[in-house]
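Every number in this text was worked out from the coordinates using simple rules, so none of it is lab data. In this text the structure is predicted, and so the values were computed from the model without any measurement. Neighbour counts run over all protein chains shown; Cβ positions are idealised from the backbone, glycine included.
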Amino acid sequence: MNRMIKTVYRKEMKDMLRDKRAVLAIASYALGVPLLMAFIFFLMADDRAETARSTLALSGADQAPGMVAFLEKQGLEIIPVVSLDGPESLPDGADAMVVLPKDFAEKLSRGESVPIQLYVDETSRQQADRGGEVRSALDAYSQHVAGIRLVTRGVPLSLMAPIMVNTSDLAPSSFINKMLGNSLMLVFMLAPFVMGMSVALDALAGERERQSLQCLMAQPISTAHLVAGKWAMVATFCFGGTMLAVTIDLILLQFVPADVLPFKLQLTVGGFALAVAELAALSMFVASVLLAVSIHAKSFKEGQTYMSMMMMAPVIVGYAKMYGENKLPAVTKYLPIFADVESLGRIFFDGTPNLAVTGSAFLSAVVGTAVCLWLTSRRLSSEQILSEA
Amino acid sequence: MIIVDKIAKNFGDVQAVRDVSFTAKDGMITTLLGANGSGKSTTLRTVAALLRPDQGQVTVDGICVQKDPLGAQRLLGIFPDQFGLYTRLTAREHLEYYAELHGMQGNALKHAVDEVISLLHMEDILERRTEGFSQGQRMKVALARAIIHKPQNIVLDEPTRGLDVMSIRMLRQILLELKAAGHCVLLSSHVMAEVEILSDHVVMIADGVVCADGPPADLVREAGQPNLEEAFVALTSAHGRAAA
């Protein structure tokens, strides 16, 4: 590394490592995001509980063994309870309650129609769904008994059920898993932006705000070297912070039960090395973008406004990739950020990288870095910047 | 030695400097004297290679600033109008950083830092971060930073602004020592008393044009006034009438 670049780099690193804002940004993202992901997984685990068996509290179960057997076969869990008149709430653990009249068995055997009372609690969508599930099971039992009655009277069962409906769910069962997987990639991809934002602002907008830029530019160092030294510092923060976030995420994922994880990591040693290289290239690109934004701000506060606007770009790209992937032209997967999400997703979840997409991610990072650094260097050497400094 | 030869500089429609020429010699303190907005800072920024003149040229010890800005900057020590310190760095770290930017390293760097610390009596603030420094302490760091590499030419833009009496006296003493050591000292100011005490050569600037230059006593005599302040008013007013 050129001695001048190294001098600027060392000074910038020393200065920024003492900046509480920069350190706080890294710590909050590196530790906060895994907690956020854990919360999402927790919600998903709770959501999966919806698939558990619905529980029916049945009063008078002793006089309806056939009904109990049928309902259990339908997937319901039956809890016998003592009869209650006008209950105010469902028994603990029950999703619904049925009260059978005392003459239930007698009327049923006589072939009469028996009114039964179903109690449900529709406070939440999940409870309403489970009440509906019990209602459907009871209807099915009613149909079943009706069918038996007709068969015993010589009526073919097919007359009662002219249409037999079988339902198959064609919804992409992996959609939610894929979306959460892409979310994790988006978290990795946004990390360099978050980690480098504060230091990039301080490196250029901060120089202007504290009015140290003019003195610095009067020293015998070229703008190219100055920008390179500052860029190396920002890239170090971007990459170091990103790797910290990725490492903490991957370690914590090891502690999440496999059945709770919405995706399966297929990360190989080679794949991880490739992912690290790609994140390094992404960090270099992001550092150059952050500096190109920072150079246009006269103060830290003004820079934060620009950064907030700029941050919308990768977030929009990330969400477009997550939710609208099928509607986007195929070429978009080779664009910056798109290519990174796609490439990292392949590496982490498929275990086999798509070399075309990964190569595109590297190429766009290198070209983007060169363009942004050139723009920053050009802007820094402009008289307008110095006359405003 | 710094030679400014017929420089002009525009910012859009604003003509900041129209025609400024002077020579700041070694072993002398040369002062640009002018009202706010007269073109002093623009002239000094041109000398420091921060601005490119639209016309004319500046040479520092024979090096053309426009052709070789980095070469000229190596021969200059710049004391800007704003100190612009890094609040998270100590005074020592400031000095080491700027010394390294001038290519110093190893023992030479250490020796230079020790020397400037001794010269400016900075021992008590050396290891402290500059956050919370008084104006006088900030001035010391900024001046030490400007002379750490022992430049032959030192450029100071309104160096006494915001300083208390004791700091001004100390700065004045240091500038006189630099002059005695044969350095070329070029500064800008609009504080008449300070200019009169310090300067060997005064360049009066009004509306981006040099309206008079010479030793302070000669300018007072030429204007037929009792002191430099009255001479400045008379000479710049005469220039304004002539321009009109």
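General observations
- Neighbour-count order for B:189, A:136, B:167, fewest beta carbons within 10 angstrom listed first: A:136, B:167, B:189
- Rounded to the nearest 500, the 222 nm mean residue ellipticity of chain B from helices alone is -12500 deg cm²/dmol, with -39,500 (n - 2.57) taken per DSSP H run of at least 4 residues.
- Residues A:195, A:16, A:233 arranged by fewest to most Cβ contacts within 10 Å: A:16, A:233, A:195
- Amide H contacts of residue B:34 (H built 1.01 Å from N, in plane; Pro and chain starts excluded): B:189, B:205 sit under 5 Å, all sequence-distant by 5 or more or on other chains.
- Cβ charges +1 (Lys, Arg) and -1 (Asp, Glu), total dipole of chain A, debye: 1820
- Each residue in A:108, B:70, B:186 was given a count of other beta-carbon atoms within 10 angstrom of its own, and listing them fewest first yields B:70, A:108, B:186.
- Derived scalar couplings ³J(HN,Hα) [region B:83-88; Karplus, 6.51 cos²θ - 1.76 cosθ + 1.60; whole Hz; x for Gly, Pro]: 5, x, 8, 8, 5, 9
- The mean of 1/r over all pairs of different alpha-carbon atoms in region B:1-157, once inverted, gives a Kirkwood hydrodynamic radius of 16.7 Å.
- Inter-chain neighbour count for B:49-59: the average number of beta-carbon atoms from partner chains within 10 Å of each residue's beta-carbon is 2.
- Counting DSSP beta bridges with both ends in region A:52-160, the antiparallel % (nearest 5): 30
- Summing +1 for each Lys or Arg and -1 for each Asp or Glu among the other residues whose beta-carbon sits under 11 angstrom from that of residue B:172 gives 0.
- Of A:14/A:298; B:40/B:179; A:301/A:333, those spanning more than 31 Å from alpha-carbon to alpha-carbon: A:301/A:333
- For residue A:81, distant residues with modelled amide H under 5 Å away: A:58, A:59, A:60, A:61
- Look at the stretch B:78-85: the mean tally of other chain Cβ atoms within 10 Å of its residues' Cβ atoms is 6.
- Taking every residue in A:11-18 and counting other chain Cβ atoms within 10 Å of its Cβ, the average works out to 4.
- Normalised by the number of residues in region B:85-150, the average gap of Cα pairs under 8 Å and 6 or more apart makes the relative contact order 52 percent.
- Positive-end ranking of A:104, A:134, A:158 along the dipole of region A:52-160, with charges on Cβ about the Cα centre, is headed by A:158.
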